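A short write-up of the structure that comes next.
The values are calculated or read from the model by the stated rules, or taken from the named source; none is laboratory data. Computed from a prediction, not measured in an experiment: that's the story for all the values here. A quick note on method: Cβ atoms are made from the backbone with ideal geometry, for glycine too, and the neighbour counts reach across all protein chains shown.
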Amino acid sequence: MKRKNKIKRKEKGVNISNSFFKFFKIESFSGILLISVTILSLLIANSNFHVFYHKFIHLKISIGVGNFKIENSLSHWVNDALMSLFFLLVGLEIKREFLIGELSSFEKAILPVIAAIGGMVVPALIFYIINKNTEFINGWAIPMATDIAFALGILSLSGKKFPLSLKIFLTALATIDDIGGVLVIAIFYTDKIVLTSLLLMIIIFLIMILLNKENVQNPVVYMILGTFLWFFTLKSGIHATVAGILAALSIPARGTINLGKFFREINFLLEKIRKKKLNNLPPLIVAKKTYNEIETIEEVCHKFQPPLLRIEHHLHPWVTFFILPFFAFINAGIHLPHDFSKIFHSSLTIGIVLGLFLGKQIGIFFASFLAVKSGLCKLPNGVNWRMIYGVGVLGGIGFTMSMFINSLAFSDLEVVNLAKEGIFISTIISSIVGILVLRLSLTRENVNKI
């Protein structure tokens, strides 16, 4: 009996590892895709085609009718609308992690939470000290961010097999980082509140929460209401991407049938198919004779799977392979100066580079060190302090979220470009140094293949 239980536990562990490995591969490829698109955008912006590039990203697009009409440039549509879907996915992933994942218990969550807080506070503090008496102070949140896809993509390029627990730690840390980024955007980058729109936004959100409580499962209902939630969030003065997080909180995380009923209904339908004795018949006849049962099986599976997982599953490829690369293409195309030394004449660029590259590694490492040495938590299995330091260095890859906060912090194009240069420099340095540190951190006894 004990042997059977051990086997079951082992199989369960393998399933969890396989699930995360699939996630890691997708995120890693997304990071590599982001790198490629960023390079392409930079090449075009610094070539003879730069005029067409800037015309393209500033192309005016109008959607809606009457009072519900919105006209904006393509870059604004990407940053305000498409990125709302990115934040919807982030919200769904955060909710899932808190319910069943790496943030679902105090023991699991405490180390990445403390590390993430350290990794947000120290970079912001460094930037503030350097820019406190300048016009750039509004960009203090730019170095707070970590780009999970980019960081995992760089980790996968290292050519080494790191412990699964290290990748989970990095993912959990970046998830907490995203929560901090969303709160910063909602609280500090809201200029003027329009009360009527804010009230309508709150009403729609409460309706969505009520539908969740009543276990309304149809994702279309939430998507329609989510669109109105986005519109009134945009009109309220709060950044529209916050609507993505609010919508995610309202999506049901349970199905309409439990595991027992799922098994009973599936077994009943499979037994009906077995009794038809279809073994020697052509495939088309078998498909025709089992059509009703197969459709019912699909309906049962649909009822068992919660909308949260279904929406996340369908949204993930669109965000990973279209929205984030498109965002990078639109926002990464800056004109690079011939003399790179001029970049460091600006306290804005210096604050971002030092905040991301030094601030992240200092904040993440020392916050983790204090948490473990105080007895609050332990290091993940197979992970040593050099690996934690390497993850801290990779935390300096702010990229997507840093560029996004940059677009909210500044309106002057020259200032925006200066900040982007700082983000690029810190991303490159953090990537190279992070890989070197992590490669040196591996020893024979802590290399765990996944």
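Of all residues being surrounded by fewer than 16 Cβ atoms within 10 Å (Cβ to Cβ) and not basic (Lys, Arg) in segment 426-442, which is nearest to Asp147 (Cα to Cα)? Just the residue, please.
So the residue we want is Ile428.
Any residue that is at pLDDT 65 or above, surrounded by 11 or more Cβ atoms within 10 Å (Cβ to Cβ) and within 20 Å of the chain's Cα centre (by Cα) - is there at least one of those in segment 52-62?
No, the conditions are met nowhere in segment 52-62.
Exactly one condition in (1) in contact with a Ser or Thr (Cβ under 6 Å, 6 or more places away or on another chain); (2) at pLDDT 85 or above; (3) over 28 Å from Leu89 (Cβ atoms) is false for Phe329; which is it?
All conditions are met except number (3).
Hey, Ile126 hits all of (1) more than 21 Å from Leu442 (Cα to Cα); (2) not in a helix (DSSP H, G or I) but one; which does it fall short on?
Failed condition: (2).
Would you check if there is a residue in segment 175-186 being within 28 Å of Phe322 (Cα to Cα), hydroxyl-bearing (Ser, Thr, Tyr) and surrounded by fewer than 23 Cβ atoms within 10 Å (Cβ to Cβ)?
No: segment 175-186 contains no residue that is within 28 Å of Phe322 (Cα to Cα), hydroxyl-bearing (Ser, Thr, Tyr) and surrounded by fewer than 23 Cβ atoms within 10 Å (Cβ to Cβ).
Of all residues in segment 372-404 being over 14 Å from Leu440 (Cα atoms) and among the aromatic types (Phe, Trp, Tyr), which is surrounded by the fewest Cβ atoms within 10 Å (Cβ to Cβ)?
Step by step, filter segment 372-404, then rank; the result is Phe404.
If I go through segment 221-241 residue by residue, how many of them are modelled with pLDDT of 90 or more, aliphatic (A, V, I, L, M) and either crowded, with 20+ Cβ neighbours inside 10 Å or over 22 Å from Ile185 (Cβ atoms) (or both)?
4
The rows are residues; the columns are (1) under 17 Å from Leu379 (Cβ atoms); (2) in contact with a helix residue (DSSP H, G or I) (Cβ under 6 Å, 6 or more places away or on another chain).
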| position | (1), (2) |
| --- | --- |
| Glu102 | yes, yes |
| Glu107 | yes, no |
| Pro112 | yes, yes |
| Tyr128 | no, no |
| Lys132 | no, no |
| Phe136 | no, yes |
| Trp140 | no, yes |
| Leu152 | no, yes |
| Leu170 | yes, yes |
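Could you check segment 71-116 and list, in sequence order, the residues that are closer than 26 Å to Arg310 by Cα and surrounded by fewer than 17 Cβ atoms within 10 Å (Cβ to Cβ)?
Phe98, Leu99, Ile100, Ser104, Ser105
Search segment 258-272 for residues that are in contact (Cβ under 8 Å) with a residue 24 or more places away in the chain and surrounded by 10 or more Cβ atoms within 10 Å (Cβ to Cβ) and pair each with any residue that is not aromatic (Phe, Trp, Tyr) and not in a helix (DSSP H, G or I) when their beta-carbon atoms are under 9 Å apart and the residues are at least 6 apart or on different chains.
Phe262/Gly255; Glu265/Ile257
Going residue by residue through segment 173-189, is there one that turns out to be outside any helix (DSSP H, G or I) and not aromatic (Phe, Trp, Tyr)?
no
Could you grab the pairs with beta carbons closer than 7 Å, sequence gap of 6+ or different chains, first residue in segment 198-219 and more than 14 Å from Trp230 (Cβ to Cβ) and in the same structural domain as Glu312 (by TED's automatic domain parsing), second one part of a loop (DSSP other than H, G, I, E, B) and not β-branched (Val, Ile, Thr)?
Asn212/Pro252; Asn215/Pro252; Gln217/Pro252
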